[in-house]
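Derivation of every value follows stated rules applied to the coordinates shown; laboratory data play no part. Keep in mind the model is a prediction, meaning the values are calculated, not measured. Cβ sites come from the backbone with ideal geometry, for glycine too, and all protein chains shown count toward neighbours.
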2 protein chains.
Amino acid sequence: MRHEYATKPREQIAAILATERRYLSAAEIFERLEKAEAGVSLSTVYRTLERLREKGVATSRLDERGEATYLACEPSHHHHAICRVCGGVEDVPCEAIERFARSLHDERGFMLDGHTIEFFGRCKSCG
Amino acid sequence: MRHEYATKPREQIAAILATERRYLSAAEIFERLEKAEAGVSLSTVYRTLERLREKGVATSRLDERGEATYLACEPSHHHHAICRVCGGVEDVPCEAIERFARSLHDERGFMLDGHTIEFFGRCKSCG
DNA sequence: GCTATATTTGCGAACGGTTCTCAAAATCAT
DNA sequence: ATGATTTTGAGAACCGTTCGCAAATATAGC
């Protein structure tokens, strides 16, 4: 029989993620737990973040330096506008992409100054 | 006086990059150099790739596992369509983004099945 | 509540990619 | 060739992440 144990470390990590509207690294989360003297290990932080991602309640992305960062995130398909100053994340619905720069600024006040776009799939010769 | 020395390792690395239309990791380039018994060190591969990127003749991106990969690349602003099977890269001009899925398939035969889009800038409160 | 069983945890070691250090080798100007 | 300067190779160091395992914890059944 397969069980899921509800543990204090998991609750604490999920809580930190839930109250933060920016991508956090495992190290950042670990720091906060240390400050709160939670006695949670870094390994557990990594394991729990990965678990949250698998469950679909968090997304992850690699920052510029290749460090994995996590954000509590609804599973619906959308994209992110990330502030270069505060790191804050705003959701950008997929349909908005066509009008992206103008709408981001006009509708949300987000001053776009860069973006990363990559498409994946199969090229003509790989069918 | 500041000089730039033209060396064999640099030529060889640039040559590998120039003939390959896919993102290559430092390790992959190093392997090829080993096969050719070029006697070039991994450190030099890293240093040279970074140098090519700074000079603007190559771009880099992190793959899913966070490994840095490099591609010889014109400096003009555009995006990439990466084949999931062969790794081949096709340039996607920036203006095409609005019509991306249809045009990619109709015009290039690239069957889109995923994409990564991130916007950067300053949010309303960070001005 | 207690016990048995399965899951989770913390610790520390291992890992893999990248960067650094530094003496030896290569490049270029003269 | 010679000397000043840059680049290189080898290996150590680094850093984020993963792994292995014994101890601790959570749950189910009594």
Efficiency of FRET from Cβ geometry, residue B:64 and residue B:38, R₀ 22 Å, rounded to 0.05: 0.15
Sorted shortest first, the nm distances from the residue A:78 label point (7 Å along Cα→Cβ) to its counterparts in the other copies are 3.3
Take every residue in peptide B:27-40, count the Cβ atoms of other chains within 10 Å of its Cβ, and give the average of those counts. 0
Sequence neighbours fewer than 8 away in the same chain don't count; with that in mind, list the lysines whose C-alpha is under 26 Å from residue A:55. A:8
For peptide A:78-87, how many partner chain Cβ atoms fall within 10 Å of a residue's Cβ, on average? 5
Using a label point 7 Å beyond Cα on the Cα-Cβ vector, give me the inter-copy distances for residue B:65 in nanometres, one decimal, shortest first. 2.2
